[in-house]
Amino acid sequence: STVRRSSSSATPLVSEDESKLKLYQYAICPFCHKAKALLSYASVPHEIVEVNPLNKAELKTLADQSVKKVPIAVLEQKDGRSVQINGSNDIIEALLEDPKAMNTLQNKWAGTEMTMEAFKQGENVERWWYRYADDDLAALLYPNVCRTLSDSRKAFAYVKDVEHFSAMQKFLVANIGSLAMYFAASKIKSKRNIKDEQKALQTTLDLFENEALAQGQHLFASQNSVPDMGDIAVYGVLSSVKGLPVHDYVLQQSRESDVLMDWYARMEEEVHS
């Protein structure tokens, strides 16, 4: 049986040693990478299930069919039951309520001023960078990832490495998926009245560099010696385009200094060490 976990549920997400956590994702989804960044930071073992963006076949086996958007986390428990959590924000909330994950994080912060409450809320910062990652940064990445049809095709090049996709599925995702995303990005530009997507992204990154990092005076947006959830969210969103042209633009071509790149390097070490 499957328990659909609400945000207020007290069901632990990762605490049973024999439980298996699966994360259903798209490889270039910024919200999936936001959840993955916290999973890695909290040292939570998990299996990635790549979802076909055209037919979403991998999601059809899930008990809860109410949501067709990724990420979706499914915890398969040793008693045969499973817990399904839909959406990056609910997955993150569940992780930050889980006793085992909380203990791992608190051990990670030993000797620092970071607390669980400060990590969640960013109580010492003026802007909630967690929300910025969703509303501003992620929204502007799509038009930049798919500035041209060629760029959009590069974004879907990952499908060649998805072992459970058939040759035909890889062909269809690479071609139809890239075309659909190119037109979707155009709609985002129109909806947000974006004339120059690169300039818009550059301005948004300037905000993070100037306000969150104080042009390099702060190691992290947390204004602490370790990152908070705002840092994790922004890093996760940016890491979703690693290996694509826009990633170089974000960290190098759009920057007049190494402040953002240095922060990103520190986050790489924090999240994956």
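The values are calculated or read from the model by the stated rules, or taken from the named source; none is laboratory data. All of these numbers come straight from a predicted model, not from anything done at the bench. Every residue, glycine among them, receives a Cβ derived from its backbone with ideal geometry; neighbour counts consider all protein chains shown. These accessible areas exclude ligands, DNA and RNA; they are computed on the full protein's heavy atoms, side chains included. Shrake-Rupley method; radii C 1.70, N 1.55, O 1.52, S 1.80 Å.
Odds and ends about this structure:
- Residue list for region 154-179, restricted to those being within 16 Å of Ile28 (Cβ to Cβ), without any contact (Cβ under 8 Å) to a residue 40 or more places away in the chain and open to solvent by 60 Å² or more (accessible area, probe 1.4 Å): Lys160, Asp161, Leu179
- Considering (1) part of a helix (DSSP H, G or I); (2) within 13 Å of Trp263 (Cβ to Cβ), the lone condition that Leu207 does not fulfil carries the number (2).
- Those residues of region 38-65 which are free of Cβ contacts under 8 Å to residues at least 40 places away in the same chain and among the hydroxyl-bearing types (Ser, Thr, Tyr), in sequence order: Thr61
- Output for region 76-115, where each listed residue is without any contact (Cβ under 8 Å) to a residue 40 or more places away in the chain and among the β-branched types (Val, Ile, Thr): Thr115
- Looking at Asp196, Asp262, just one residue is touching a residue at least 12 places away in the same chain (Cβ under 8 Å) and over 19 Å from Asp135 (Cβ atoms), and that residue is Asp262.
- Looking across region 4-27, the residues that are open to solvent by less than 30 Å² (accessible area, probe 1.4 Å) and modelled with pLDDT of 95 or more come down to Leu23, Tyr24, Gln25, Ala27.
- Condition met for Ser190 (without any contact (Cβ under 8 Å) to a residue 12 or more places away in the chain, surrounded by fewer than 20 Cβ atoms within 10 Å (Cβ to Cβ) and over 30 Å from Glu58 (Cα atoms)): yes
- Only one entry in Ala174, Ala167, Ala214 is small (Gly, Ala, Ser) and either under 14 Å from Val145 (Cα atoms) or in contact with a Phe, Trp or Tyr (Cβ under 7 Å, 6 or more places away or on another chain) (or both), namely Ala174.
- Single residue of region 218-269 satisfying the filter (in a loop (DSSP other than H, G, I, E, B) and in contact with a Ser or Thr (Cβ under 8 Å, 6 or more places away or on another chain)) that is most open to solvent (accessible area, probe 1.4 Å): Leu219
- Scanning region 199-217 for residues that are in contact (Cβ under 8 Å) with a residue 40 or more places away in the chain, within 21 Å of the chain's Cα centre (by Cα) and open to solvent by 10 Å² or more (accessible area, probe 1.4 Å) yields Ala200, Gln202, Thr204, Leu207, Glu209.
- Unmet requirement for Asp151, which otherwise passes all of (1) under 29 Å from Ala200 (Cα atoms); (2) among the acidic types (Asp, Glu); (3) open to solvent by 80 Å² or more (accessible area, probe 1.4 Å): (3)
- Residues of region 171-204 that are in a helix (DSSP H, G or I) and touching a Leu at 6+ places or on another chain (Cβ under 8 Å): Leu172, Val173, Ile176, Gly177, Ser178, Leu179, Tyr182, Glu197, Ala200, Leu201, Thr204.
- Counting only residues that are outside any helix (DSSP H, G or I) and of a type in the set (S, T, N, Q), region 147-170 holds 2 of them.
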